[in-house]
Amino acid sequence: MTTQKKAAPSQTTATTKPHGLYQPPLPLGEPTGEELKKAALAEFEELRREIVLRARRALLMHLLVYGIATADDVRDLVELPDGISPTCLGAVPGALARAGIIRRAGYIPSKRPERHASPTAVWELLSETAAVEWLAEHATTNGVAT
């Protein structure tokens, strides 16, 4: 007769989201995808401060004219120096959304061929006054923050 060993307690946790969808178990102590994304965007913002500032200004100016904008619009408006990946532009809308100036209104397929029609967020302006004030507080001269 053989004896079976008890399985070690799981080092993972599984949860059910409020909307009923199951989230697979994550190793305990490991950062989640959302946490990794936030950390990467914070790093982009720090390392590419001037580019992110110019892109935020471009986003707000576009929103003041058209009311909605996407990352594709920002990418078309902001020239990136050689060797700078456009992924740094992912840091652009977050601070404006947290400030209550813009909000995500939905998603549409990207128009950029290299994105292969992947979903891109549509941002809408919530407060024209707040946008104008933000632009005044974050002025640039020849693309350099003042």
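The values are calculated or read from the model by the stated rules, or taken from the named source; none is laboratory data. No experiment lies behind these values; they were computed from the predicted model shown. Every residue, glycine among them, receives a Cβ derived from its backbone with ideal geometry; neighbour counts consider all protein chains shown.
Can you tell which of Lys17, Lys6, Lys38 is modelled with pLDDT under 85, surrounded by 13 or more Cβ atoms within 10 Å (Cβ to Cβ) and at negative phi?
On the way: Lys17 fails: surrounded by 13 or more Cβ atoms within 10 Å (Cβ to Cβ); Lys6 fails: surrounded by 13 or more Cβ atoms within 10 Å (Cβ to Cβ).
Answer to the selection: Lys38.
Counting only residues that are surrounded by fewer than 14 Cβ atoms within 10 Å (Cβ to Cβ) and either in contact with a Cys (Cβ under 6 Å, 6 or more places away or on another chain) or free of Cβ contacts under 8 Å to residues at least 24 places away in the same chain (or both), give me the strands (runs of 3 or more DSSP E) lying completely in segment 50-146 with at least 2 of them. Even if it seems obvious, please write down each step before you answer.
Values: elements: 68-70, 102-109, 119-125.
The qualifying strands (runs of 3 or more DSSP E) are 102-109.
Determine whether Ala97 is in contact with a Leu (Cβ under 7 Å, 6 or more places away or on another chain), at pLDDT 80 or above and under 25 Å from Ala117 (Cβ atoms). Quick ask: steps written out before the conclusion?
Working: in contact with a Leu (Cβ under 7 Å, 6 or more places away or on another chain): no; at pLDDT 80 or above: yes; under 25 Å from Ala117 (Cβ atoms): yes.
Answer is no for this residue.
Quick check: anything in segment 125-134 modelled with pLDDT under 95 and of a type outside the set (Val, Ile, Thr)?
Going residue by residue through segment 125-134, those that are modelled with pLDDT under 95 are none.
Within segment 125-134, none of the residues are modelled with pLDDT under 95 and of a type outside the set (Val, Ile, Thr).
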